[in-house]
Amino acid sequence: METTSRVGAQAPTADGTAQAVPTARRTVDGYLLAPFPWYGLDEAFTGQRWLMQVGATADGAVEHGSIGHGDEPSVRAEGSLGNSDKERFAVVVTVAANPVRRTADGTGVLEATSVSSAAWLAGVGLLSFTWPGQMDHTLRDDWLDQQTETAWVLADDLEGSDWSTLSLPVDGVPTPFHYRESEYGWVLAGSTKEGVHLGAYGRGMSAYGLGFSVIKDIGAYAS
C-alpha cells in the first residue's frame, strides 16, 4: 500500500478537530494545483457541496483531496450515532494514480498509490468525525491509534471478508467498488478510467444510490 497518502492524510487530533473545523478548509488553491481531475457526486445530488482539504508530498505535489456533500458533519460521540439520520453527508476522496517514483531530492522512493490508498484515506476520514465522548484525552489517543491502524489493515485487504462489492456509476459507466459498513458509517473505494482512485465515506446517506463524476470547474467552489 502507498506510503505518502498515509503520511499526508489529515487524521483527527487529540481534540478531534483536524477535519471538523469548516473555516480551516475553505480554500480552492490546493485543488487548482492538482494535475488530475477531481471527483464528486454526480448531478443527481442537488444538495450542498463544500471543499475540505488536499494532501501533498514534501515537495508540494498534490496527491489527494476531498469534497463534501450534504450536511457539514460535526465530530460525533460514539453514543450519538443512533441519531445519524439528523446528519446526512458523503465525502468523495480523489487520489492520483501514481507509480513508484523518486522523491524530488532523489534521496528516497515514494510507493505507488492504489485503491487501498483511497480506502485508507476514506476510513481515516470517517474516523475524523467520530469520537468516543466518554473517554479522557489519554484514552482517546489510544482509541484513535487503534482505529487508524484498523483502517490501515482493512484497506490493505480489500479482498477480505470485511468488504463486499458494489457497482456504482462513474461518469455514467458502471464501476466496481469495494464497500464496507461499520457502526460509524460506510466506506468504499475503487478506480476510474481518468487515472485516479476514488474513496468515499458517509453517514445518514445510503451509498447504494450514489454516482460519481468529474467536477468540471473546481474553481466554482471558491465562492
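Each residue in region 190-220 was checked for being in contact with a helix residue (DSSP H, G or I) (Cβ under 7 Å, 6 or more places away or on another chain) and among the polar types (S, T, N, Q), and 1 pass.
Yes/no per residue for (1) open to solvent by less than 50 Å² (accessible area, probe 1.4 Å); (2) modelled with pLDDT of 50 or more; (3) in a helix (DSSP H, G or I):
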{"residue": "Gln19", "(1), (2), (3)": "yes, no, no"}
{"residue": "Arg26", "(1), (2), (3)": "no, yes, no"}
{"residue": "Gly30", "(1), (2), (3)": "yes, yes, yes"}
{"residue": "Ala34", "(1), (2), (3)": "yes, yes, no"}
{"residue": "Glu43", "(1), (2), (3)": "no, yes, no"}
{"residue": "Met52", "(1), (2), (3)": "yes, yes, no"}
{"residue": "Gly65", "(1), (2), (3)": "yes, yes, no"}
{"residue": "Ser74", "(1), (2), (3)": "no, yes, no"}
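Taking region 142-220 as the region of interest, the strands (runs of 3 or more DSSP E) fully inside it that hold 3 or more residues being farther than 17 Å from Ala97 by Cβ and either within 16 Å of the chain's Cα centre (by Cα) or among the hydroxyl-bearing types (Ser, Thr, Tyr) (or both) are 164-170, 173-182, 185-191, 196-203. Take region 88-101 and flag every residue that is closer than 11 Å to Thr57 by Cβ and either modelled with pLDDT under 90 or surrounded by fewer than 19 Cβ atoms within 10 Å (Cβ to Cβ) (or both). Listed by number, the residues that qualify are Asn98, Arg101. The lone criterion from (1) touching a strand residue (DSSP E or B) at 6+ places or on another chain (Cβ under 9 Å); (2) small (Gly, Ala, Ser); (3) exposed (fewer than 14 other Cβ atoms within 10 Å of the Cβ) left unmet by Gly160 is number (1).
The residues of region 102-115 that are outside any helix (DSSP H, G or I) and modelled with pLDDT of 75 or more, listed by number, are Thr113, Ser114. Evaluate region 164-181: report whether one residue or more is open to solvent by less than 50 Å² (accessible area, probe 1.4 Å) and small (Gly, Ala, Ser). No, region 164-181 has no match at all. Candidates are the residues of region 182-223 that are within 14 Å of Asp42 (Cβ to Cβ) and hydrophobic (A, V, I, L, M, F, W, C); the one that is surrounded by the fewest Cβ atoms within 10 Å (Cβ to Cβ) is Val214. Residue-level check: of (1) open to solvent by less than 20 Å² (accessible area, probe 1.4 Å); (2) in a loop (DSSP other than H, G, I, E, B), Ala118 misses just (2).
The values are calculated or read from the model by the stated rules, or taken from the named source; none is laboratory data. Since the model is a prediction, treat every value here as computed from it, not as a measurement. So basically every Cβ, Gly included, is an ideal-geometry build from the backbone, and we count neighbours across all protein chains shown. What goes into the accessible areas is simple: the full protein's heavy atoms, side chains included, and nothing from ligands, DNA or RNA. Shrake-Rupley method; radii C 1.70, N 1.55, O 1.52, S 1.80 Å.
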